[in-house]
């Protein structure tokens, strides 16, 4: 039976049959009650233990960013600017910034231990990142010059008018410059020396962070952070020591035993049992995680035989794929509760939301569209799935199959980013956090043609191109008038929903379980950060 429990947890991202789930969960619940008796007392004062679905691959804030890396780096480094002041206990480096005209931004920093030169160093480190480009690099492409005007004053000059620059660079994590570092950012280039390699940052031998914590121990299954002294981050969380652990099949038992304090991504069955235990509570995040099918729009692709045309370049085929999908079914019986089926990038409360878009599947119409496009017998396509999305892939595959589209599903694990970047897919199942206050950021990076402007198309691995959309996105970037910009954003969204460069599926809402004597306030970006976890009143 223990093996059955482990197997169920390994398949925690898949839908599980009730007949299998019920006995497994009954035994799990009985064993945990037998082992634990009741909830253990509060963890030792000043310590917090967090069970997480994924841990960082590196403590370097400018390296490849996975979910675990984003959460770790947010504890070690301050972001340049906070776009969402409603986030509980936000902190950041830039106090205010404004566009002064003539392609120029003026930034004013909070006074303290982080200086304007540290931002110049951070920008240069990102620009000169060795081996593989930093994921933050595209956000700096429009910048030509960065000038220091004292410890708290910074001037940024761009190639052309860029009214959205501060929002685009806000998430860059600021690192303290080495002592006596001298460098400059002029003409779009940096002449300062690169500093701090990943090994030193992972080991904690160097600690150039600007956040409230530093690395004490870093490994594949556990990360330990210790609170810094001083007032570098202007924030002193009550948690002196924080352990980040990889969430496993033991996490529910550990929560009940009091050896872990908060866990994320618990499957529905164990979550239902936890809800019945008075010594635990549940917190729900925002439906910010957008799940969608990314399509390969290249003229020729690895899944098309003998140089035949790529069927995904035909709009009728894309419409057929979308009509084949029953999003209500896709949104049910999964580990995020509740989820929102969607056929667009906007949530209902967003001004860009179009309530005229029909979510219902229409298999007959989908088949007719395929026949009109010359694919009455369907076709076969490679289907890469992002790690953690198998529960959706299991539903998408038969839905496409009923219109004759046979998918060859490939769960490639950590190879997923590289294969997608190389265009080695027909479809891929992807997840992205969409900021509903700046949906155009998603459209610019995912759907603009690569290279038309700095940062545009940086994640358009499907090579989608639409000249009308490109033109609108360029105008939106430089339009200072809010009303005019909003109208152009509506036009851009109409193009996206009509042309279907990607196929939206669902917005998911994460869920956390924690000790009853703690309180957790979720953020808009759904990060699990320690200063959002407090002792319950």
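No value in this document is a laboratory result; all are computed from the given coordinates. This one's a predicted model, so the numbers in the text were calculated from it and none came from an experiment. For neighbour counting, all protein chains shown are included, and Cβ atoms are generated from backbone atoms with ideal geometry for every residue, glycine included.
Quick check on the chain: of the DSSP beta bridges with both residues there, what percent are antiparallel, nearest 5%?
Here the antiparallel bridges make up roughly 75 percent for the chain.
Compute log10 of I(q)/I(0) for segment 205-266 with the Debye formula, placing one identical point scatterer on every Cα and leaving out solvent, at q = 0.16, 0.18, 0.24, 0.30 Å⁻¹, to two decimals.
The computed values of log10 I(q)/I(0) come out as -0.63, -0.74, -1.01, -1.25.
Only helical DSSP H runs with n ≥ 4 go in: add -39500 (n - 2.57) per run for the chain, normalise by residue count and round the 222 nm mean residue ellipticity to 500 deg cm²/dmol.
Mean residue ellipticity at 222 nm (helix-derived): -8500 deg cm²/dmol.
Kindly state, as a whole number, the per residue volume in cubic angstrom of the convex hull around the alpha carbon atoms of segment 360-468. Walk me through the numbers before you get to the answer.
On the way: hull volume 16.3 nm³, N = 109.
Value for segment 360-468: 149 Å³ per residue.
Would you mind pulling out the separation of the Cα centroids of segment 55-82 and segment 95-131, in Å?
18
Counting only Cα atoms, I'd like the Rg/Rh figure for segment 289-508, Kirkwood definition for Rh.
0.95
How far is it, in nm, from the label point at residue 98 to the one at residue 47 when both lie 7 Å from their Cα along the line to the Cβ?
Roughly 5.0 nm, to one decimal.
Which whole-angstrom value gives the distance between the alpha carbon centres of segment 376-422 and segment 157-176?
Between the Cα centre of segment 376-422 and that of segment 157-176, the gap is 36 Å.
Specify whether the C-alpha gyration tensor of segment 480-525 places it in the rounded, prolate or oblate class, a ≥ b ≥ c being the square roots of the eigenvalues: rounded for a/c under 1.5, otherwise prolate if a/b is larger than b/c and oblate if not. Present the calculation step by step, with values, prior to reporting the outcome.
Working: a/c = 7.68, a/b = 1.99, b/c = 3.86.
It is oblate, given that a/c is not under 1.5 and a/b is not larger than b/c.
Please report the relative contact order for segment 305-463, taking Cα pairs under 8 Å with a sequence separation of at least 6, and give it as a percent rounded to a whole number.
20
How far apart, in nm, are the 7 Å Cα→Cβ label points at residue 272 and residue 259?
2.7
Suppose a student asked you for the relative contact order of the chain, using Cα pairs under 8 Å spaced at least 6 residues apart; what percent would you report? Walk me through the numbers before you get to the answer.
Working: 1061 pairs, mean separation 102.6, N = 537.
Relative contact order comes out at 19 percent.
Give me the extension gain from residue 155 to residue 452: residue separation times 0.36 nm, minus the current Cα-Cα distance, reported in nm with one decimal.
Gain on extension, residue 155 to residue 452, equals 104.4 nm.
Quick check on segment 67-198: take the gyration tensor over C-alpha atoms, sort the square-rooted eigenvalues as a ≥ b ≥ c, and tell me if it's rounded (a/c under 1.5), prolate or oblate.
Verdict is rounded for segment 67-198.
Could you work out the relative contact order of segment 67-198, using alpha carbon pairs under 8 angstrom and six or more residues apart, expressed as a whole percent?
Relative contact order of segment 67-198: 30 percent.
For mean projected area of the Cα convex hull in nm², the choices are (1) 25.8; (2) 31.3; (3) 24.2; which was calculated from the structure?
Matching entry in (1) 25.8; (2) 31.3; (3) 24.2: (1).
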